[in-house]
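Written below as structure tokens is the structure these notes are about.
The values are calculated or read from the model by the stated rules, or taken from the named source; none is laboratory data. What you are looking at is a predicted structure, and each value in this text was computed from that prediction instead of being measured. Note that each Cβ is placed from the backbone with ideal geometry, even for glycine, and that neighbours are counted across all protein chains shown. When the accessible area is computed, the model is the full protein with side chains, heavy atoms only, and any ligands, DNA or RNA have been set aside. Shrake-Rupley method; radii C 1.70, N 1.55, O 1.52, S 1.80 Å.
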Amino acid sequence: MTCKSKLTKAAKCILRLFSSVEYASLAMCGFGLALVFAGSLMRWRLDEHGVQPLRNVWKIMGFDSKSYGLLTVRAKDMRAWTLITHEVCDWTGMKGAQISTYVQAGLGGGCDGSEDCSQGFADHLYVRCKEYNKIYVANFAVLGFTFIGCLLTLISILIGTLRPLKRAGGITYGMLLYSGLSMLVLDVAWAATTWNAFTILGESAWFPYPSLAIGWFLHIYGSVTITVSAKVFGWLVMPLVRGFDPEQHELEERKKKLERMNLWSKEGEQEQIMVQQQQYPVHSQGYPGQAEYYGNGSAVNASHTYPAAMVQEGAVGFRYEVDVQPVFLFVNPKAGGQIGEAFLQVPQPFDVEIRQARSKARLYIFSLTEGEPGNKPGFHFLRQVVFSYSWVRVFIGGGDGTVMWVVSEAQKHGIHTETSLRIGMVPLGTGNDFAQALGWGGRNPDPDVLLRNDCETLAEMVQDWVRAEPDIQDVWKVSLEVDEEDGFIYHKDDVMRNADESYKKSLETYMLLYCGIAKDAELAYNVELHRTKSQCCNKLVYAWQGIMISLHFFCCVGQRVQRVLRGLYHGTDKKGPPIFEVGMRSTGPRLFSNPEMLLCLNITSYGGGVARNLWRNSWRSGTSHPLSEDLLEAEQDSGDKKLEVITLSRTMRLLRAAMPTNSVLGGRRVFQGAPLHFEFKQRNYRDLITFFQVDGESFKLQNPISLTIRHDQQISVLHKVENRRPGCCGTVCGNESSATDSTTDDDVVYSPLEEA
């Protein structure tokens with residue numbers, strides 16, 4: 001391609017780009033920017049007389065003209081404003097002129113203060129010092145605002161050119177208008193300030209008044225061009241910006257893409273259904289081969305496959321041993337950036353001698369991905385063990401959502417989870433809120449350290465597992481409904497569908513930790529879209545997305561509770577007592593402070609442990625008339641069949657909670673109790689888009705109708721017991737009998753053998 005053809009092609013692209021009035025306005029802003037920049041470098045005032053009229057009175061050579069710029073002054077030579085101001089105002093210049101005045105007065109008599117007398121010149125220097133300082137300050141004020149204005153104008157032109165105007169038109173218009181107006185006002189102020197300064201200088205002595213020069217006119221012409229072009233740009237673009245809904249636009253683009261690419265094939269649909277069943281399972285009344293198990297209690301279905309290691313060690317043919325406490329670990333291999341696979345490399349079964357007890361723990365490790373739902377080898381073996389013990393410790397290696405996966409699979413295999421299992425956590429997710437609430441920490445274990453020295457680290461973990469204390473944890477069922485015609489449920493930017501390829505209009509899932517509506521769910525949804533395999537990187541993504549969503553406050557957009565909810569009711573429908581209602585015609589209690597998010601809490605940890613004890617630190621009421629008079633004194637308990645409802649007004653408060661002064665975290669208490677029924681606002685002229693999350697799984701909702709939370713069941717969980725504190729024990733305090741038998745309350749080992 002020749003040079004001429006390249007230039008022709010570039011010219012056509014430029015003409016096509018600025019063919020519309022909006023882009024032509026941006027081009028005019030660029031032209032104004034060039035005028036402003038050029039004017040800043042030229043002279044702003046010009047004295048065409050210089051000192052020529054004084055040559056008949058004073059025998060001086062002088063200069064014929066004098067020009068004033070923003071940075072320099074040019075006469076015989078060029079000097080900076082800083083240097084000139086210092087020379088006029090320093091001791092040498094002013095005192096030297098004063099001494100020459102006294103000498104002249106002694107030789108020639110009095111002095112009337114005119115330009116013919118040196119005393120008049122000395123007095124004039126004092127005035128010149130004062131006025132030069134004013135001009136100096138005005139110059140640098142203009143330079144500073146000119147730099148900021150030029151920078152904002154350049155950024156605005158780039159944003160308006162590279163980004164769609166309906167998305168970025170508002171911020172572009174605002175920055176252009178601010179740049180033009182600020183520089184225009186400074187130009188006028190500079191002209192007035194210098195006019196006044198040079199007028200005063202002419203009154204104190206002969207000082208020619210310098211007129212405005214080309215630099216000032218170019219600068220103000222550029223400022224006017226930017227301002228007028230910005231107004232034209234805003235007049236054309238702002239209606240598009242006000243009528244644009246980014247969430248609705250994304251949904252429409254997603255629909256078009258799905259229809260165009262035909263992604264929902266038959267095979268892909270079956271895989272999606274399998275994933276959803278694993279993540280959001282429902283209770284099952286049985287499982288394949290259940291009759292055989294209930295028939296003799298020990299038979300093994302021949303169709304079930306088991307790991308070779310378990311068969312060799314006699315795991316399938318389980319034998320009851322009095323001095324052995326079985327411990328199960330179900331691992332999600334994909335959790336924690338493939339950290340879960342390290343646990344599957346541990347020799348099985350893994351025996352650990354229990355301190356302060358005459359027994360040992362035997363650890364069995366299974367993968368949650370092995371087998372089909374309702375037919376998994378690990379749960380078949382767990383059911384055999386449950387027959388021999390009153391309860392069994394089951395630890396779960398995965399994220400927060402893995403807990404209900406294990407509970408549901410156990411129920412599908414005929415295990416009564418409320419009484420037969422005591423569940424603990426091994427943190428392998430990103431947030432690990434459930435693990436932190438139970439005291440097991442939020443940091444994922446190091447896979448290299450885990451297998452080192454004959455799995456010494458794992459043995460220490462098992463010691464803590466057998467010493468853990470049991471507690472009760474509520475499990476809730478969440479039911480969500482969207483509009484039958486225009487309602488959709490999105491999970492990871494995919495529209496959820498039923499087995500018959502129809503769109504899902506309802507969703508039922510379990511809640512163990514918390515659920516949220518509005519901005520916190522939007523944050524979780526965006527984090528899920530950018531999730532990595534590293535826990536550290538995921539937390540950085542979480543922080544970055546939180547900051548970006550918080551910036552919506554400055555644009556007056558984003559999720560707000562009162563924009564998406566019509567009311568919250570104590571019951572299973574809107575006939576229950578209103579906890580709060582939104583709307584001009586509503587008669588129920590009102591929400592305070594226009595909150596950005598609403599949370600229903602069942603544990604004390606939230607946001608990956610960043611925000612802890614949210615209920616305790618929320619000491620203000622969130623509604624005008626709380627249903628409970630002692631709401632502000634109520635305590636949180638994960639097993640009291642009650643949910644704690646709070647609102648938060650700013651996303652950044654969750655980040656402030658990470659500081660040592662997290663007690664300043666100020667949510668508002670709305671309600672404590674259950675069941676809960678949420679009514680969403682109905683769409684008017686456009687679709688209602690909001691976000692919802694439960695236990696870290698987030699969804700985007702289009703035109704939701706209602707959300708109901710009911711109590712479903714209770715499970716037994718295991719809280720970590722902290723290591724014994726140094727103190728008076730054993731021979732340290734001189735008590736020899738305690739040296740051999742020093743089992744304290746912290747050393748109690750809860751054994752299913754004693755209850756069997």
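Remarks
- Selected residue [farther than 30 Å from R167 by Cβ, surrounded by fewer than 17 Cβ atoms within 10 Å (Cβ to Cβ) and at pLDDT 60 or above] from K76, K59: K76
- Cβ-Cβ distances below 7 Å connect the following pairs, each with a first residue in segment 623-640 that is buried (at least 16 other Cβ atoms within 10 Å of the Cβ), a second residue that is basic (K, R), and a separation of six or more residues or different chains: T623/R590; L631/R669; Q636/R616.
- The residue of segment 585-619 that is farthest from Q559 (Cα to Cα), among those that are at pLDDT 85 or above and in a strand (DSSP E or B), is L601.
- Pairs with Cβ under 7 Å, 6+ apart, first in segment 490-511 and within 22 Å of V406 (Cβ to Cβ) and open to solvent by less than 50 Å² (accessible area, probe 1.4 Å), second part of a strand (DSSP E or B) and basic (K, R): Y510/K477
- Restricted to segment 415-425, and to residues there that are modelled with pLDDT of 90 or more and either in a helix (DSSP H, G or I) or of a type in the set (A, V, I, L, M) (or both), the residue that is farthest from F387 (Cα to Cα) is M425.
- Selection status of F140, over 15 Å from G215 (Cβ atoms), open to solvent by 20 Å² or more (accessible area, probe 1.4 Å), in a loop (DSSP other than H, G, I, E, B) and modelled with pLDDT of 60 or more: no
- Count - residues of segment 364-405 that are open to solvent by 20 Å² or more (accessible area, probe 1.4 Å), aromatic (F, W, Y) and more than 35 Å from the chain's Cα centre (by Cα): 1
To keep it simple, each residue is scored yes or no on (1) of a type in the set (D, E, K, R); (2) open to solvent by 10 Å² or more (accessible area, probe 1.4 Å); (3) closer than 19 Å to L450 by Cα.
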residue	(1), (2), (3)
V322	no, yes, no
F328	no, no, yes
V331	no, no, yes
K334	yes, yes, yes
F343	no, no, yes
V346	no, no, yes
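- In the set (1) in a loop (DSSP other than H, G, I, E, B); (2) open to solvent by 40 Å² or more (accessible area, probe 1.4 Å), P470 fails one condition alone, (1).
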